[in-house]
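Notes follow the structure.
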Amino acid sequence: MVQGVKRKYRTDSSEAGQQSGMITIERYLAGKDPFRVAPPQEIPTPWPYIQCGITSKAKNVLRTIMGDCEKICENHFITVRDIKVDVLMRKDLEDKGTPCLIIETKDVNTTRWQEAASDLRNVIRKTKLKDAEAFKVEIRNSSKMYADYSSCLPNDPDLGRYLDEVQPKILSMVKEKLQSSWTSIAFHMRGPRSRENQTPLKPTVLIFVRPNTSYFFEEVETRLIQILNSPNFPNSSIGTEILAGTVSYAMRYASDPKPFSHITSTRPYNGISIGARNLAQETGSLGGWVRLTSKTNLNEVMDCALTCYHAIEKADEDNERDNDVSGIGFEGANLVPDIEIVWPSNFDEQYTRSLCERKIAQGTTKEEFATALSILNQIRGAGRSIGKVRYASGHATRSPTNRRLDWVLIPSPNTTQRNRPPQVTIHGSKYLEGMYSPKADDYIREFGPELQKTDWVVRAGRTSTRQGFVNWRDRLVRWENTDKHAHSNELDILPIGGEADFCDAGDSGSWIVNENFELVAMLIGKANDGGQEHAGIATPIKDLIEDIERRTHCTVSLP
């Protein structure tokens with residue numbers, strides 16, 4: 001029979017996280033990792049995290065206490081491999097990170113680690129370091145600590161039938177127990193990436209909850225194990241994880257402008273930053289251009305830019321709620337709000353202009369800054385316009401398979417062009433048979449077939465060009481500000497192990513293309529959870545086309 005398997009708590013009940021009652025998700029997870037230890041009443045920065053640099057002042061302080069740290073570790077029989085200071089920033093939260101004194105060891109006897117961490121904490125308190133109390137301390141064995149990542153499920157028919165049986169029960173239990181706290185349910189292969197830890201990947205059910213959520217998580221995981229235990233399938237095991245994580249639009253709202261100093265064209269192009277002219281910060285990506293032909297009058301043709309509705313929804317603030325429910329443009333052109341879309345977004349245009357002017361004033365010899373500034377000056381005003389919104393989906397509709405439908409069409413007769421596949425050369429012998437290398441005369445000529453299990457895909461958007469694999473099991477998503485019992489089934493695109501995020505803030509609207517330069521999906525969100533890299537949440541192009549054609553009474557093709 002199939003048996004569910006979960007990670008166990010530490011045996012020392014005095015350590016953080018060793019509780020069976022209500023507890024934060026962060027303490028619950030800290031209590032499951034014996035190889036990352038913080039002082040009493042503290043927990044390490046939760047995985048996944050980003051390691052950033054530290055100030056020179058903090059490095060100088062580290063030099064002064066290095067001897068004390070080594071002595072403390074020696075007194076507690078800890079063999080030191082390295083002592084360092086890093087800023088650790090949670091990947092699932094947008095924070096500035098926390099400086100941390102890290103003791104690296106290969107030891108597996110953790111008996112004295114917490115006591116040693118407490119002594120190290122006292123050493124930091126005695127320094128002249130500003131905000132010494134804000135410093136974290138942790139002792140870790142990097143090859144043993146929890147740092148699992150996700151990859152796609154294998155093409156296993158037995159596993160598929162098993163998940164078909166248990167998925168409805170899992171969803172029902174999660175909605176009952178976690179209600180508005182859960183954010184998504186995913187089905188991945190999980191395991192460590194460390195070369196020193198050769199633990200094989202295991203199919204795993206992952207339940208994600210909002211960061212800092214408090215609940216009886218041990219009770220939830222026990223119930224999950226009961227659901228997973230099934231006598232109807234061959235002997236095997238499936239892992240369980242309850243983790244902190246969110247799913248959000250891949251939008252940029254308030255920070256992290258993107259410099260477009262590499263601009264070389266006075267015309268917009270696939271993947272460029274876009275936004276509404278009347279919005280200062282909201283930023284998405286231009287997917288590309290499609291052609292609408294009226295079903296009742298074949299001479300009535302409209303070329304439109306296509307991106308996500310949520311990238312422009314706040315441009316009509318007075319009618320935002322109505323637009324969310326009913327969409328835009330389906331009751332006649334005279335009722336369409338005046339929303340103009342520009343490229344780059346105001347947020348990115350202003351930052352790029354300021355950066356270029358600063359670099360030129362500093363005497364940079366790089367021509368890209370002068371070129372970019374010249375182009376921004378040429379397209380200033382009307383030259384940045386892509387067009388005005390004609391149709392938009394709103395947020396209320398779903399596909400027949402319960403996928404979120406999130407699109408906007410902007411008539412753009414002056415900017416429409418043939419769509420180019422992401423311009424990157426990928427020698428993919430490890431991941432892709434052959435080579436993805438679009439040439440100057442290659443275009444996106446067709447809508448691709450329905451995505452298959454573990455298909456390779458690539459996207460280009462505001463932040464980057466990235467490749468990934470399609471997980472063959474949809475992610476179940478409870479979007480923010482939706483009913484606690486509502487969810488959608490979304491395409492889950494995982495980054496290739498060891499590479500960068502599949503997407504990031506501002507990539508909403510990016511078109512996703514297969515190895516044949518066919519359009520297969522559009523990015524609508526990102527999963528801030530699970531592993532070191534953000535996964536992508538996308539809608540198959542087939543679902544988008546069907547919804548657009550049904551609601552606009554037009555057929556959709558590519559120019």
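The values are calculated or read from the model by the stated rules, or taken from the named source; none is laboratory data. Note that the structure is a prediction, hence the values are computed from the model and not measured. Note: ideal-geometry Cβ built from the backbone for every residue, glycine included; neighbour counts use all protein chains shown. Just so you know, the surface numbers come from the protein's heavy atoms only, side chains and all, with ligands and any DNA or RNA stripped out. Shrake-Rupley method; radii C 1.70, N 1.55, O 1.52, S 1.80 Å.
Table for the structure above
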{"read-out": "Solvent-accessible ranking of Phe216, Phe347, Phe260, Phe447, largest area first, probe 1.4 Å", "value": "Phe216, Phe447, Phe347, Phe260"}
{"read-out": "Summed residue charge, Cβ within 14 Å of Lys366's Cβ, Lys/Arg positive, Asp/Glu negative", "value": "-1"}
{"read-out": "Region 257-277 versus region 279-338: alpha-carbon centroid distance in Å", "value": "20 Å"}
{"read-out": "Extension gain, Asn299 back to Thr199 (0.36 nm per residue minus Cα-Cα distance, nm)", "value": "29.8 nm"}
{"read-out": "Degrees, to the nearest 10: 346-361 long Cα axis against longest axis of the chain", "value": "80 degrees"}
{"read-out": "Net charge dipole size for region 465-559 [Lys, Arg +1 and Asp, Glu -1 on Cβ; Debye, nearest 20]", "value": "240 debye"}
{"read-out": "Base-10 log of normalised Debye intensity for region 307-349 (one unit scatterer per alpha-carbon) at q = 0.17 Å⁻¹", "value": "-0.51"}
{"read-out": "Whichever aspartates and glutamates have a C-alpha closer than 14 Å to that of Lys84, once near sequence neighbours (fewer than 8 apart) are set aside", "value": "Asp68, Glu70, Glu104, Glu138"}
{"read-out": "Area accessible to solvent at Ile185, 1.4 Å probe radius, in Å²", "value": "0 Å²"}
{"read-out": "Nearby aspartates and glutamates by direct alpha-carbon distance to Lys8 (threshold 18 angstrom, same-chain neighbours under 8 apart not counted)", "value": "Glu26, Asp33, Asp148, Glu218, Glu219, Glu221, Glu241"}
{"read-out": "Viscosity 1.567 mPa s, 4 °C: Kirkwood-radius Stokes-Einstein D of region 132-281 over Cα pairs, µm²/s", "value": "67 µm²/s"}
{"read-out": "Most to least accessible of His76, His487 (protein chains only, probe 1.4 Å)", "value": "His487, His76"}
{"read-out": "Region 56-117: C-alpha pair distances exceeding 16 Å, %", "value": "51 percent"}
{"read-out": "Counting DSSP beta bridges with both ends in the chain, the antiparallel % (nearest 5)", "value": "85 percent"}
{"read-out": "Using alpha-carbon coordinates, inclination of helix 217-228 to the longest axis of the chain, degrees", "value": "70 degrees"}
{"read-out": "Coordinate range along principal axes, alpha carbons of region 238-315, Å, largest first", "value": "56, 40, 25"}
{"read-out": "Segments 83-89, 27-33 sorted - mean Cβ within 10 Å per residue, highest first", "value": "27-33, 83-89"}
{"read-out": "Lys366 accessible area, assembled protein chains, probe 1.4 Å, Å²", "value": "130 Å²"}
{"read-out": "Inter-probe distance in nm under a simple model that places probes 7 Å from Cα toward Cβ, at Ser326 and Arg358", "value": "4.6 nm"}
{"read-out": "Rg over Rh, two decimals, region 460-559 (C-alpha only, Kirkwood Rh)", "value": "0.99"}
{"read-out": "Calculated [θ] (222 nm, deg cm²/dmol) that DSSP helices of n ≥ 4 give over the chain, each run adding -39,500 (n - 2.57)", "value": "-7000 deg cm²/dmol"}
{"read-out": "For region 104-199, convex hull of alpha carbons as volume per residue, Å³", "value": "193 Å³"}
{"read-out": "Length gained when the stretch Met89-Ala440 is fully extended (0.36 nm per residue, less Cα-Cα span)", "value": "122.3 nm"}
{"read-out": "Efficiency of FRET between Asn334 and Gln281 - r from beta-carbon atoms, R0 25 angstrom, step 0.05", "value": "0.25"}
{"read-out": "Trp479 - accessible surface, heavy atoms, 1.4 Å probe, Å² rounded to 10", "value": "10 Å²"}
{"read-out": "Options Ala311, Pro337, Thr293, ranked by Cα towards positive dipole end of region 290-349, top entry (Cβ charges)", "value": "Thr293"}
{"read-out": "Nearest-ten-degree value, helix 157-177 long axis tilted from longest Cα axis of the chain", "value": "80 degrees"}
{"read-out": "Where the chain is the region considered: accessible area per residue in Å², 1.4 Å probe", "value": "44 Å²"}
{"read-out": "Given charges at beta-carbon only (K, R positive; D, E negative), |dipole| of the chain in Debye", "value": "1180 debye"}
{"read-out": "Debye log10 I(q)/I(0) at q = 0.05, 0.06, 0.12 Å⁻¹ for the chain, Cα point scatterers", "value": "-0.24, -0.34, -1.21"}
{"read-out": "Ranked order, Thr364, Thr293 - accessible area, probe 1.4 Å, largest first", "value": "Thr364, Thr293"}
